[in-house]
Every structure is written in C-alpha cells, then in structure tokens.
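**Q** Quick one: this structure, given as structure tokens, is what I'll be asking you about.
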Amino acid sequence: MTPQPGDRGAPRLPWRAGRIFPWLERQRKSGPLHFTLLDPDKSPGATAGRVAREAERLGSHAILLGGSTGITPALMGDAARAVHEATSLPVIIFPQGPESITREADALLFMSLMNSSDLKWVIRAQMQSSLGIRALGIEAISLGYLIIEPGMKVGEVGRAEPVPRDDVATACGYAQAAEFLGMKLIYLEAGSGAPAPVPPAMVRAVRETVRSVLVVGGGIRRREDAAALLDAGADVLVTGTVVETDGVSALQDIVAEVRKRRRPPS
Ligand code: 1GP
C-alpha cells in the first residue's frame with residue numbers, strides 16, 4: 001500500500017520555507033505595492049519576459065501569472081522561467097485550477113472563491129491540488145477571493161454570485177469570514193477589463209473591518225483610480241490589461257501613484 005502523508009513512517013514530503021509572504025509583510029510596512037498580472041496564454045514565454053522587464057523598469061513589485069482560460073502547466077512554467085530570466089521580481093501563481101501549477105514559480109496564491117455557487121471553486125479544486133503543491137515545495141499563500149460586480153469572465157467561469165457594488169456590508173462580512181478562517185490575503189476583484197474598479201467606499205469599509213493584506217484588482221486604468229483605491233486603504237493594486245488598452249504610460253502613472261506613497265524602510 002502506498003504510504004500516505006501523515007502515516008507513521010511515510011517519507012517526509014519536501015517543503016520549502018515560505019519566503020514570499022514574509023517579503024510581502026516586510027514590504028507592506030513601507031507602503032502599498034503594485035503587482036502586474038500576466039496571462040501566459042496571451043503573453044507566452046519570451047513575451048512574458050519582455051512585459052515583466054518593462055513592468056520592473058516602471059517600478060512594479062511582483063509578477064502574478066494567471067488567466068481565466070487556456071492555461072497549462074507548460075505555458076505557466078515557460079512564462080515563469082522567462083520572467084525569472086528577465087527580472088529579479090517574485091513570480092506568484094494566480095491559479096485558474098490545478099493546471100496552473102508550476103514549480104518554476106516562487107509562490108502560489110492558494111485561494112478560495114468565497115462567493116462562488118460551485119463548490120469546485122470554493123474548496124474542491126484546492127483539495128485536488130493541495131498535496132501536489134506540497135510535494136513540489138511551492139509556498140502556498142492563503143487568499144480569500146471575492147468577486148464584486150460586474151465580475152467579468154472570472155465571475156462567469158467561477159460561477160460567482162458577485163457582490164453588488166453598493167453592498168458594502170456583504171463585502172465586509174466575507175472579508176471578516178476570510179480573516180477568521182485564517183486567510184492571509186483578501187482580494188476584492190471587479191474582473192479583468194471591468195469598466196470601473198471596485199468602489200473605493202467598499203475598499204475603505206473592508207479596510208476598516210480587517211487587518212489582512214488587502215488586494216484590489218480589475219478595471220484599474222487611470223492614475224485617479226489608483227489614488228482613490230490607495231487612499232481607501234488598499235495594500236496591493238493589481239493591473240493586467242491596462243498596458244494593452246491604455247499603453248505603457250498609463251501603467252507608469254499607476255505605479256508612480258503607488259510608489260509615491262512608499263517610505264524608506266525604517
Ligand atoms: C484580474 O484584477 C486583475 O484578475 C486585473 O484586472 O486586467 O482589469 O487590470 P485588469
């Protein structure tokens with residue numbers, strides 16, 4: 001019989017001490033951060049490396065790798081390698097499911113889509129991938145993922161019941177539940193390409209409710225969007241499509257807005 005984890009005498013599974021979450025906590029003490037989301041299906045291999053190099057030059061702090069469709073471990077692995085070769089930024093998997101996992105990344109956001117009506121996205125995909133992640137020794141960072149209207153493609157694929165944009169109490173309820181459950185990060189997601197980001201009033205209310213790292217993404221395209229979300233208390237802003245829709249200068253403006261709020265480490 002194959003020994004199972006936890007059996008007496010079972011071989012110890014490899015485990016690498018987490019580096020990325022402590023790095024994030026240290027960085028957060030000096031102010032907010034900007035993460036660039038790359039979709040390896042749209043920006044494979046060397047293209048991912050080029051975009052990441054540009055993001056690093058502008059001052060982005062980390063690369064998230066993920067997409068809603070068409071992801072394979074090979075695409076993720078190639079993109080992660082290319083980003084590592086081109087930059088010194090951490091590469092963090094923003095998973096679509098077990099097919100997103102590659103040992104080439106530094107860490108993985110181990111997320112539950114809290115407001116999905118499908119148990120697959122709440123806990124089943126996580127059950128299917130958890131032991132593989134542990135065996136590969138990838139750092140798993142727990143994250144409560146919450147889809148806010150309109151939710152876009154990820155809301156559809158994840159069968160989310162998106163939180164209405166004015167329903168601050170529901171957003172705070174989910175965020176507090178995530179924190180009680182021990183999730184280190186909470187991600188308020190309007191969906192990639194959303195016409196407007198998560199409302200700053202909702203971000204502010206969630207910030208006042210929990211102390212977890214607060215990540216906000218979806219539809220951030222203008223400097224004023226970034227400023228309002230940062231003023232509301234976001235710790236991390238995530239942008240993906242802004243470079244395609246509004247060009248490099250828009251990304252530059254957003255990253256500058258984040259960077260100007262940072263203090264030198266004490
Ligand atoms: C999607 O929040 C991210 O998961 C980024 O969204 O592509 O709209 O920047 P955008």
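**Q** Students often check this: by mean Cβ neighbours within 10 Å, which of 69-80, 173-184 ranks highest, and how do the rest follow? Walk me through the intermediate numbers first.
**A** Working: 69-80: 19.1, 173-184: 16.9.
Ranked by mean Cβ neighbours within 10 Å, highest first: 69-80, 173-184.
**Q** For D253, D106, give me the order by solvent-accessible area with a 1.4 Å probe, most accessible first, ignoring ligands, DNA and RNA. Please list the in-between numbers first.
**A** Numbers: D253 65, D106 25 Å².
Largest to smallest exposure gives the sequence D253, D106.
**Q** Using a 1.4 Å probe on the protein heavy atoms only, what accessible surface does W121 show? Give it in Å² to the nearest 10.
**A** Per-residue accessible area (W121): approximately 50 Å².
**Q** Once you have the Cα-Cα distance between A46 and R103, take 0.36 nm times their residue separation minus that, and quote the gain in nm to one decimal. Don't skip to the end; give the middle numbers.
**A** On the way: separation 57, 0.36 × 57 = 20.52 nm, distance 1.81 nm.
So the extension gain works out to 18.7 nm.
**Q** When all protein chains stay in place, what accessible area (Å², nearest 10, 1.4 Å probe) is found for V51?
**A** Its heavy atoms expose roughly 50 Å² to the probe.
**Q** Here's another thing I want to ask about it. Work out the FRET efficiency for E156 and I123 from their Cβ-Cβ distance, taking R0 = 22 Å, and round it to the nearest 0.05. Let's see the in-between values first.
**A** Working: r = 20 Å, r/R0 = 0.90.
The value I calculate is 0.65.
**Q** Okay, next question. At 1.4 Å probe size, put M152, M202 in order of accessible surface, largest to smallest. Could the numbers behind the result be given before it?
**A** Details: M152 65, M202 0 Å².
These residues rank, largest area first, as M152, M202.
**Q** Based solely on its DSSP helices, what 222 nm [θ] is calculated for the chain when runs of n ≥ 4 H residues each add -39,500 (n - 2.57) and the sum is averaged over all residues, nearest 500 deg cm²/dmol? All intermediate terms of the calculation are to be shown ahead of the outcome.
**A** Working: 10 runs with 104 residues, N = 266.
Estimated from H runs of four or more residues: -11500 deg cm²/dmol.
**Q** Next up: Please work out the average accessible area per residue across the range 20-259, using the 1.4 Å probe convention, and give it in Å². Don't skip to the end; give the middle numbers.
**A** Details: 9600 Å² over 240 residues.
Per-residue accessible area for the range 20-259 comes out at 40 Å².
**Q** Would you rank T36, T170 by solvent-accessible area, highest first, keeping every protein chain in place and using a 1.4 Å probe?
**A** Details: T36 10, T170 50 Å².
Output order, biggest surface exposure first: T170, T36.
**Q** Could I get the Rg over Rh figure for the chain? Both from C-alpha atoms, Rh via Kirkwood, rounded to two places. List each step's numbers first, then the result.
**A** On the way: Rg = 17.8 Å, Rh = 18.6 Å.
Rounded to two decimals, Rg/Rh equals 0.96.
**Q** What part of the accessible area of the range 156-266, given as a whole %, is carbon or sulfur when the probe is 1.4 angstrom?
**A** Details: 2620 of 5060 Å².
Summing carbon and sulfur atoms, their accessible area is 52 percent of the total for the range 156-266.
**Q** Same structure again: Note the count of lysine pairs whose C-alpha atoms are less than 29 angstrom apart in the chain, limited to pairs 8 or more residues apart or on different chains. Before the final figure, lay out the partial values.
**A** Working: K29/K184; K29/K260; K42/K120; K42/K153; K120/K153; K120/K184; K153/K184; K184/K260.
Count of close lysine pairs: 8.
**Q** How much accessible area does R28 have with a 1.4 Å probe, in Å² rounded to the nearest 10?
**A** Looks like 60 Å² after rounding.
The values are calculated or read from the model by the stated rules, or taken from the named source; none is laboratory data. Keep in mind the model is a prediction, meaning the values are calculated, not measured. Quick reminder, even Gly has a Cβ in these numbers, built from the backbone with ideal geometry, and neighbours come from all protein chains shown. For accessibility, only protein heavy atoms count, side chains too; no ligands or nucleic acids. Shrake-Rupley method; radii C 1.70, N 1.55, O 1.52, S 1.80 Å.
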